[in-house]
Amino acid sequence: MKYQKQAEIILNKCLEVKKSESVLIITDEKRKQIAESIYNLAKSIAKKVDLIEIPIPAVNGVEPPEEVAKKMLDYDVILAPTTRSITHTRASKDAASKGVRVATLPGITEAIMNESMLADYDEVEKYTLKVLGIVNNSKFVEVKTSKGTNISFSVKTRRWIADTGKIGKIRNSGNLPAGEVFISPLEGTANGKIMIDSFRKDEEIYAHEGTEITVKNGEAIEVSDKNSKIAKLFKEVENGTNLAEFGIGTNYKAKIIGNTLQDEKALGTCHIAFGSNFSMGGKVKAGMHLDLIIKDPTIIMDGKVIMKSGKLI
């Protein structure tokens, strides 16, 4: 079976699916082959396994169909290898709040399945928790790069979250492949500029490398490339300009390939997202959640350098 080893990691290592449990796999026409590989192995493990196909929405963060959202509450485990992300949706949050273990694989590809999905998740967990220990309890974050990124924001009262790949151990939801520590900056506090290194998902380019985004009082107010897809989405999507997330990559197998799902997990990178943050402790609900990648950042927390040019100190 194709992706046999990867499916074993997902079902046995990351989700620890039991014989007594039920599994729902949500996919779409573009990710069906990967979904079916997981489905075939899951049938030999769990007592009940269902696969459902949903339409592909325009952007990440759009709610799945209402009947699917209701169905998600009736299973022990949810797996979502989809083209667009349902990670930051009310449906995923509600399911996880009920105790369902939710693993989302937004934009998963063959390359990702053969790279970062094959990581040793004991090692990813160990390194991720190490980074969590360093950043925990920080209140103010500054991010700078040699290319011109210079942005700062408050994270006071917000909780850092470790995405280790061991879903259900620390929290009931997360991405696969995993490997990041992230937080939702306090609304209205981010100021500065971001120089993009990568903001794409395969052929879909939200902004080219070198595009500059200016942020004021927590909102994107200007994009240097007025014709970029992200500039248009900022105008079209309500609350889409909200600076929603800051994260640090912690997966040693992840390399930047132009796909956010893997790129944001790469060592030596950080990422910033715009749009919804309600699923990670924020107050904003938007019809999108889109991450951009920053390479080799210098990250300063409460005046102390914790990463210099991509190297953890």
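Just so it is clear, none of the values below were taken in a lab; they were calculated from the coordinates. These numbers were taken from a predicted model, which means no experiment stands behind them. Because the Cβ atoms are built from the backbone with ideal geometry, glycine has one as well, and the counts that use them run over all protein chains shown.
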Have a look at Gly240, Gly168, Gly133 and tell me which one the Gaussian network model of the chain (Cα, springs below 10 Å) gives the largest fluctuation. Gly133
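Report, in listed order, any pair from Lys139/Lys283; Lys18/Lys295; Lys229/Lys255; Lys130/Lys235; Lys32/Lys229 with a Cα-Cα distance greater than 29 Å.
Where the Cα-Cα span goes over 29 Å, the pairs concerned are Lys18/Lys295; Lys130/Lys235.
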Taking only complete DSSP H runs, can you tell me which helices of the chain stretch 18 Å or more along their own long axis by Cα positions and average at least -0.5 on the Kyte-Doolittle scale? 121-135
Show me, for segment 196-213, the HN-Hα J-couplings you get by feeding each phi into the Karplus relation (A = 6.51, B = -1.76, C = 1.60, θ = phi - 60°), rounded to Hz, glycine and proline as x. 6, 9, 8, 8, 8, 9, 6, 6, 8, 9, 7, 6, 6, 3, x, 5, 10, 10
Among Phe246, Phe274, Phe234, rank each residue by its count of other Cβ atoms within 10 Å, from fewest to most, as a rough exposure measure. Phe234, Phe246, Phe274
Which of the aspartates and glutamates could a cross-linker bridge to Lys43, judged by Cα under 16 Å and excluding same-chain residues fewer than eight apart? Glu8, Glu16, Glu21, Asp76
List the pairs from Lys169/Lys232; Lys19/Lys70; Lys98/Lys126; Lys13/Lys311 whose alpha-carbon separation is above 31 Å, in the order I gave them. Lys169/Lys232
Only bridges whose two residues both fall in the chain count here: according to DSSP, what percent of them are antiparallel, nearest 5? 70 percent
State the label only: which of [x] 1.15; [y] 0.92; [z] 0.95 corresponds to Rg/Rh (Cα atoms, Kirkwood Rh) computed from the shown model? [z]
Given a Förster radius of 30 Å and the C-beta distance between Lys235 and Glu203 as r, what FRET efficiency does 1/(1 + (r/R0)^6) yield to the nearest 0.05? 0.85
Per residue of segment 291-300, what does 6.51 cos²θ - 1.76 cosθ + 1.60 with θ = phi - 60° give for ³J(HN,Hα)? Whole Hz please, x for Gly and Pro, Karplus curve as stated. 9, 10, 10, 10, 8, 6, x, 9, 10, 10
Report ³J(HN,Hα) in whole Hz for each residue of segment 165-179, in order, from the Karplus equation J = 6.51 cos²θ - 1.76 cosθ + 1.60 where θ = phi - 60°; Gly and Pro get x. x, 9, 6, x, 7, 9, 9, 8, 9, x, 7, 10, x, 10, x
Which aspartates and glutamates have a Cα less than 19 Å from the Cα of Lys147, not counting those fewer than 8 places away in the same chain? Asp197, Glu209, Glu212, Glu222, Asp225, Asp263, Glu264, Asp291, Asp296
Looking at the chain as a GNM with Cα springs under 10 Å, which of Thr87, Thr145, Thr104 has the largest mean-square fluctuation? Thr145
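Of all the stretches in the chain, which is the longest one without any exposed loop site, taking GluC sites (Glu not before Pro) in a DSSP loop (any state but H, G, I, E, B) with at most 13 other Cβ atoms within 10 Å?
On the way: sites that count: Glu29, Glu203, Glu238.
The longest uninterrupted stretch comes out as 30-202.
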Would segment 4-108 count as rounded, prolate or oblate if I go by the C-alpha gyration tensor, calling it rounded below 1.5 in a/c and otherwise prolate when a/b exceeds b/c, oblate otherwise? oblate
Among Asn277, Asn217, Asn60, which one moves the most in a GNM of the chain with springs linking Cα atoms closer than 10 Å? Asn217
